[in-house]
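Q: I have a structure I would like to understand better, so I am pasting it below and will then ask my questions one at a time.
The values are calculated or read from the model by the stated rules, or taken from the named source; none is laboratory data. On a predicted model such as this, the values are computed, not experimentally measured, just so you know. Positions of Cβ are generated from backbone atoms using ideal geometry, with glycine treated the same way; all protein chains shown enter the neighbour counts.
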Amino acid sequence: MITIRKIDASCFDLYDSVSMNVDVCSEYRIKRIDNGLGGMVFEEVPVTPYIKDLSVYERATEYEKEFDITYWKFYMAFDGDQPIGAVTVAARTDKLHMLAGREDACVLWDIRVADGYKHQGIGQRMLDMAIAEAKADGYVQMIIECQNINVPACKFYHKQGAVLSKVDMYAYYDEPDCRSEVQFLWYLDL
C-alpha cells in the first residue's frame, strides 16, 4: 500500500535515497525569431536516449547548509516502509532567488519518484498534497523550475495548468555538465 505523509529533517537521509533519474529521449529546442523580438518557437526533438541523475544537484541533507528551511515543507511517498517518492516546497526564504522576495508564492523545489514507480500517479498525488497545503498556508502561486531536457516534467506541469513564464538560456552557464540546458520557470496559480 502506497502512503504519502509529511516529514521533517529527521527523514532527510530517506528522502535522499529516492532516485531522481530523468529518462531523456527528447528535448525542447528553442529557436529565436528575429533575435527574440519576433518571439520564440519551441520544438520537441528526439535525442540519443540517456539518463540524467538530478539527485546530484538536490540533496535534502544539504538544504540547511545553504538555506533557512523554517518555512519549507517536505513530503514522502512510501510503499510499505520503502521510500519511493519525495517533494519539497520552499517559501519565505531570503536567498531563494526564484521567489524574488515574494511572500505570497512558494517554490516546488524538488519532486521525485523512484524508478519502477513512475507513471503510477504517485507524483500527482504528492503534488496534489503539496498544492493543498500551500493553499492552506495562503500561497497564491507555485513557481516550478525544470529544464528543456526534462520533457516529461514540462508536460506534467503544463497538464497541471502551470504557465511557462520564464526561459533562461544561460541559467546554467557556470555549470559545465549542464551548460547547454535551458531553464524553464512555470507559474501555477493556486
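Q: List, please: which pairs have Cβ atoms under 9 Å, are six or more places apart or on different chains, and start with a residue in the range 17-28 that is of a type in the set (A, V, I, L, M, F, W, C) and end with one that is part of a loop (DSSP other than H, G, I, E, B) and surrounded by fewer than 18 Cβ atoms within 10 Å (Cβ to Cβ)?
A: These pairs meet every condition: Met20/Tyr57; Met20/Glu58.
Q: Residue check: is Asp110 in contact (Cβ under 8 Å) with a residue 24 or more places away in the chain, surrounded by 17 or more Cβ atoms within 10 Å (Cβ to Cβ) and among the acidic types (Asp, Glu)?
A: Here the answer is yes, as Asp110 does meet what is asked.
Q: Which of the residues that make up the range 162-190 are in contact (Cβ under 8 Å) with a residue 40 or more places away in the chain and surrounded by fewer than 18 Cβ atoms within 10 Å (Cβ to Cβ)?
A: Across the range 162-190, the qualifying residues are Val167, Met169, Tyr187, Asp189, Leu190.
Q: Also, I was wondering about something else. Only strands (runs of 3 or more DSSP E) wholly contained in the range 61-114 count here; list those with 3 or more residues that are in contact with a strand residue (DSSP E or B) (Cβ under 9 Å, 6 or more places away or on another chain) and more than 12 Å from Arg5 (Cα to Cα).
A: Those strands (runs of 3 or more DSSP E) span 82-91, 105-113.
Q: Which of the residues spanning the range 138-152 are surrounded by fewer than 20 Cβ atoms within 10 Å (Cβ to Cβ) and part of a helix (DSSP H, G or I)?
A: Listed by number, the list holds a single entry, Pro152.
Q: I need the full set of residues from the range 168-190 which are part of a strand (DSSP E or B), over 15 Å from the mean Cα position of the chain (by Cα) and within 18 Å of Met40 (Cα to Cα), in order please.
A: Within the range 168-190, just Asp168 meets the criteria.
Q: Please work out which one of (1) touching a residue at least 24 places away in the same chain (Cβ under 8 Å); (2) assigned to a helix (DSSP H, G or I); (3) charged (D, E, K, R); (4) over 24 Å from Ile2 (Cα atoms) is the condition Asp34 fails and give its number.
A: Evaluating Asp34 over (1) touching a residue at least 24 places away in the same chain (Cβ under 8 Å); (2) assigned to a helix (DSSP H, G or I); (3) charged (D, E, K, R); (4) over 24 Å from Ile2 (Cα atoms) leaves (1) as the failure.
Residue-wise test of (1) aromatic (Phe, Trp, Tyr); (2) out of contact with any Gly (no Cβ under 6 Å at 6 or more places or on another chain); (3) modelled with pLDDT under 95.
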residue	(1), (2), (3)
Gly38	no, yes, no
Phe42	yes, yes, no
Asp68	no, yes, no
Ile84	no, yes, no
Leu99	no, yes, no
Val113	no, no, no
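Q: For the condition of a type in the set (Lys, Arg), under 30 Å from Pro46 (Cβ atoms) and surrounded by fewer than 18 Cβ atoms within 10 Å (Cβ to Cβ), what is the one hit in Lys159, Lys135?
A: Lys159
Q: Mind checking which residues of the range 56-76 are under 17 Å from Ile149 (Cβ atoms) and surrounded by fewer than 16 Cβ atoms within 10 Å (Cβ to Cβ)?
A: Val56, Tyr57
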